[in-house]
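All of the numbers you see were taken from the coordinates with simple rules; none came from a lab. All of these numbers come straight from a predicted model, not from anything done at the bench. In this analysis, Cβ positions are derived from the backbone assuming ideal geometry, glycine residues included, and neighbour counts consider all displayed protein chains.
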Amino acid sequence: MSQASTELHLFYGYWQMVICCFAFLALLSIWRHITKGLLPKQRDYGLVWLSLAILVWALSGTLEVYYATDFTDSQFDPTLYEGLKSMLSILNSAFILLALPRFKHIPITIRPVVQSDSWRWLVFSTFGFSAVLTLLMLMGVLIPKRITLISSVDLIYAIFTLFFLGLTLWASFAKRGLKILAYLAVISIAFTLAAQILKLGDSDFLKILLNCSFKTILIVLFFALALSWVEELGKATLLPSAKTLQLKLQTRRSNSHKLEYLSVLSIPALAYQQEISFTEKPFQLLLRFAEKRKEEGVNGGWLEIQPKTAVKRDYDIKDYNEIGRIIDTILPNLGDLQSPPLDKTVLKEVLFEYGKSRRIRLRVAPEDIHLPTSTTA
């Protein structure tokens, strides 16, 4: 290997060390600012996992610098170097996968998997399997000690990660109204996948160019994601928290003897009260939420959303659109609280809380919920 190639690896190594360490500290500082004053159990660790994923790239840069001068040695065996790089790449993918359940907007198609209790064990088991397989190849035990085989394990795990990451980034940006960023995220994931495949080639320059490009793009996307989260939190503060809300549900007969379904949303601290008229189905679902929350208290009140694969069991909620219809009914009636205008995502965040395995409940405190004495009067 020539002196020019050694300098190329040194440049790439130092670039990773400096840029990725800076990005790691910057993302971590954003997370600390957002979660300042919260108890450990209340903190969202999604940004921490993404920060650690970027830190792994910095460690990969250290590896590049360490081995750069050995590339000129004709006796140098790059197998260990490639194996260690693959191990770090697998670790980077694992941290990204651990971050995904913390995203607020996960596509419905993968939400049951990503938000399930078994997701963490799936990540740990696939990471462990990939790491052990790579180590066995490095030691030449059972599997031939070949660079292409070692890199293939890393590539398969990267494809698995990019599939889930791409869908989640799309949903995160699209749900926050950042459609251009959503399309850029999909393009970036496709480019990253292509870079992962093309890096199996022999050209050092092409490998380093592609790696620099996709890592830079992903870092920028992670920062865009963090800042969009900050913006969403800022919008959410425009509406009083659920702890200050009171919800009253009632039915009554109109002058024409037609049954009317009403909710009264009030904020005593602001002397605010708004009567909202519902159609029957959204009202009955909201009533079910309220009754469950009232009956089971602080730690209960959960309803379960039916997965698409269910065929027998009777679930509380058939699909997510039923939640959307409640929000669509309430949002236009908020009047003076919509300054600047709120969106469905913010209101849903205020009124509802998501749990694991497709569970959802009202955030309104049980003592602030008032049920109708009769639902058929």
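Extension gain, Arg363-Asn333: 0.36 nm per intervening residue step, less the Cα-Cα distance, totals 8.9 nm.
Annotation: aspartates and glutamates with alpha-carbon distance below 13 angstrom to Lys294 (same-chain offsets under eight excluded): Glu367, Asp368. Extension gain for Leu149 to Asp70 (0.36 nm times residue separation, less C-alpha to C-alpha distance): 26.2 nm. May I ask which residue of Ala171, Phe352, Thr329 lies farthest towards the positive end of the charge dipole of the chain, with charges of +1 (Lys, Arg) and -1 (Asp, Glu) on Cβ and the Cα centre as origin? The listed residue farthest towards the positive side: Thr329. Within the chain, which DSSP H helices have Cα atoms that stretch 18 Å or more along the helix axis and a mean Kyte-Doolittle hydropathy of at least 1.0? Helices meeting the criterion: 46-68, 79-99, 119-139, 147-175, 179-198, 204-236.
With R₀ fixed at 35 Å, the C-beta to C-beta distance from Tyr45 to Glu291 puts the FRET efficiency at about 0.55.
Here the chain is treated with +1 on each Lys and Arg Cβ and -1 on each Asp and Glu Cβ, and its dipole about the Cα centre works out to around 1200 debye. Distant-in-sequence amide contacts of His370, defined by a placed amide H-H separation under 5 Å and a gap of 5 or more residues or a different chain, comprise Leu247, Lys248, Leu249.
Which pairs break 20 Å Cα to Cα here: Lys85/Lys199; Lys36/Lys179; Lys104/Lys179; Lys281/Lys318; Lys258/Lys292; Lys308/Lys356? From the list (Lys85/Lys199; Lys36/Lys179; Lys104/Lys179; Lys281/Lys318; Lys258/Lys292; Lys308/Lys356), the Cα-Cα distance tops 20 Å for Lys36/Lys179; Lys258/Lys292.
Phi angles of the range 103-111 translate, via the Karplus equation with coefficients 6.51, -1.76, 1.60 and θ = phi - 60°, into HN-Hα couplings of 5, 7, 10, 10, x, 4, 5, 10, 4 Hz per residue; Gly and Pro are given as x. Each of Thr279, Ile317, Leu265 was scored by the projection of its Cα onto the charge dipole of the range 261-331, and the greatest displacement toward the positive side belongs to Ile317; charges sit on the C-beta of Lys, Arg, Asp and Glu. Highest mean packing comes first when the peptides 361-369, 46-54 are listed by Cβ atoms within 10 Å, giving 46-54, 361-369. Under the simplified labelling scheme, the Thr373-Asp319 pair shows an inter-label distance of 4.0 nm, with each label point 7 Å from Cα along Cα→Cβ.
Before rounding to the nearest 500, sum -39500 (n - 2.57) across all DSSP H runs of length at least 4 in the chain and divide by the residue total; then give [θ] at 222 nm in deg cm²/dmol. Spell out each step's value before the answer.
Working: 11 runs with 218 residues, N = 377.
That comes out to -20000 deg cm²/dmol.
Divided by 2.2 N^0.38 Å, where N counts the residues, the Cα radius of gyration of the chain comes to 1.23. Projecting the Cα positions of Tyr45, Ala23, Phe129 onto the charge dipole of the range 3-236 (unit charges on Cβ atoms of Lys, Arg, Asp and Glu, taken about the Cα centre) puts Tyr45 furthest along the positive direction. For the peptides 125-138, 247-260, 78-91, the ranking by packing is 78-91, 125-138, 247-260, with the highest mean count of neighbouring Cβ atoms within 10 Å listed first.
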